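Remarks on the structure that follows.
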Amino acid sequence: MPRLYIHLQSIEENARRILERCSKYGVEVVGVTKVSLGDPKIAQTMKDAGIRIIGESRIDNIVRLRKEGIDGPFMMIRIPQKDDLPKTLDLCEYALVSELKTIEWMDEIAHEMGKSISVIYMVDVGDLREGAWYKDAVEEIAKAVKMAKKIQVVGVGTNLGCYGGVLPSERNLGILVQIRDIVEKKSSCELPIVSGGNTAALKLLEEGKLPFGVNQYRIGEAIFLGTDVTNNRQIQWLRQDAIVLEAQIIELKTKPSFPEGETGQDAFGRKPAFVDKGIRRRAILALGEQDILSTGLRPLDNGAEVIHASSDHTIVDVSDVERRIEVGDTMRFTLSYGALLRAMTCPHVEKIYV
Ligand SMILES: *Cc1c(COP(=O)(O)O)cnc(C)c1O
């Protein structure tokens, strides 16, 4: 079975460093555990580092976390589906919302349940995922504030990078703060939270360009991996070795690098591009697209190159690897966010806490 080695100490160190940087600028850190299927050990590690709020995207994960003794506050970071609203109210202290209809439903259910929740209204400042389009946001949020009787609108938020790849900037986060300020004036209410983004927004803070007023980040990737995929970088002041995947070699043969015969599509309907490098030494790992995202595997062996993967087989060119490799040996990899998401949520990958 492929194994995922999770170094909790490195995760804790990353969380501490991020907290330290963010608190210097008055930015609170929400620790996002969604990539880990709501792993209680990881959530506890984040809490030990000093993170107060845990962000999750799935109700089941929050149920798991609470059952395993992780106390809130929890933030539901995916805008909730109607069916999940009672549980969201029951299990979460905060929720990100982007529909007036959802506010209406939440308020009704909150009334029935005798519960409340703090809501952050999402604004789309350009990335085109969730949120009221920024040009229409003032009016929409003002309505939300008015409609919320039993629940409370406590701030505005945005998410950048995840769909359009739009980078957080002084300009787009500045717009978010402005919208908050205008709604506060217009509705004579207080919206103390400006939840400015995710891992991609750390760069702005490093460069001292974060607009005044932004006071919350929701961070996942940087804590787990020390990377920032949106800005395509390793974050130099964080650790990249917190999580390592190990898989076993089940075949090791010398073969041509170019297939023989007429070619169609692969198992996933893709058409792989082949580079003819002549005869190569190729390892097949007991690992596949079911367990990982093959494009997100980075071999720890210098010279190794991941060529392709189907559901259960990953092909790695090991011709240029210096150490002696045999069938039955293992290879190790660090992972991209996408690869980690699959590995952590896959029952066929064993998780080992170090
Ligand atoms: C996933 C997610 C985050 C965390 O993003 P990272 O890039 O992992 O830091 C924050 N906010 C929302 C709404 C998300 O969906």
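Quick check on region 198-217. Is at least one of its residues free of Cβ contacts under 8 Å to residues at least 24 places away in the same chain, within 18 Å of residue 26 (Cα to Cα) and outside the structural domain of residue 296 (by TED's automatic domain parsing)?
yes
If you check 157, 114, 161, 126, which single one turns out to be surrounded by fewer than 22 Cβ atoms within 10 Å (Cβ to Cβ) and touching a residue at least 60 places away in the same chain (Cβ under 8 Å)?
161
Test of understanding: among 263, 230, which residue is part of a loop (DSSP other than H, G, I, E, B) and assigned by TED's automatic domain parsing to the domain that holds residue 160?
230
Restricting to region 20-46, name every residue that is of a type in the set (D, E, K, R), within 20 Å of residue 215 (Cβ to Cβ) and within 18 Å of the chain's Cα centre (by Cα).
Once the filter is applied, which keeps residues that are of a type in the set (D, E, K, R), within 20 Å of residue 215 (Cβ to Cβ) and within 18 Å of the chain's Cα centre (by Cα), region 20-46 yields only 28.
For region 167-181, how many residues are out of contact with any strand residue (DSSP E or B) (no Cβ under 8 Å at 6 or more places or on another chain) and buried (at least 20 other Cβ atoms within 10 Å of the Cβ)?
1
Looking at region 12-38, which of its residues are within 24 Å of residue 61 (Cβ to Cβ), away from the ligand (no atom under 14 Å from the Cβ) and among the acidic types (Asp, Glu)?
Correct list: 12, 13.
Within region 311-354, take every residue that is of a type in the set (Gly, Ala, Ser) and touching a strand residue (DSSP E or B) at 6+ places or on another chain (Cβ under 9 Å) and give me the one that is nearest to residue 250 (Cα to Cα).
Taking the candidates together, the pick is 328.
Tell me which residues, restricted to region 147-168, are in contact with a helix residue (DSSP H, G or I) (Cβ under 7 Å, 6 or more places away or on another chain) and away from the ligand (no atom under 14 Å from the Cβ).
If the condition is that a residue be in contact with a helix residue (DSSP H, G or I) (Cβ under 7 Å, 6 or more places away or on another chain) and away from the ligand (no atom under 14 Å from the Cβ), then 147, 148, 149, 150, 151, 153 are the ones that fit.
Given the criterion in contact with a helix residue (DSSP H, G or I) (Cβ under 7 Å, 6 or more places away or on another chain), part of a loop (DSSP other than H, G, I, E, B) and among the basic types (Lys, Arg), identify the matching residue among 115, 87.
When all the criteria are applied, what remains is 115.
Evaluate region 305-322: report whether one residue or more is of a type outside the set (Lys, Arg), surrounded by fewer than 12 Cβ atoms within 10 Å (Cβ to Cβ) and under 30 Å from residue 34 (Cβ atoms).
The answer is yes; a qualifying residue exists.
Exactly one of (1) of a type outside the set (A, V, I, L, M, F, W, C); (2) outside any strand (DSSP E or B); (3) within 24 Å of residue 122 (Cα to Cα) is unmet by residue 218. Its number?
Among (1) of a type outside the set (A, V, I, L, M, F, W, C); (2) outside any strand (DSSP E or B); (3) within 24 Å of residue 122 (Cα to Cα), residue 218 violates only (2).
Can you go through 244, 183 and tell me which one is away from the ligand (no atom under 13 Å from the Cβ), among the hydrophobic types (A, V, I, L, M, F, W, C) and in a helix (DSSP H, G or I)?
183
Answer with yes or no whether residue 236 is within 23 Å of residue 331 (Cα to Cα) and in a loop (DSSP other than H, G, I, E, B).
Spelling it out, it is not the case that residue 236 is within 23 Å of residue 331 (Cα to Cα) and in a loop (DSSP other than H, G, I, E, B).
The values are calculated or read from the model by the stated rules, or taken from the named source; none is laboratory data. All values reported here derive from a predicted model rather than from experimental measurement. Note: ideal-geometry Cβ built from the backbone for every residue, glycine included; neighbour counts use all protein chains shown.
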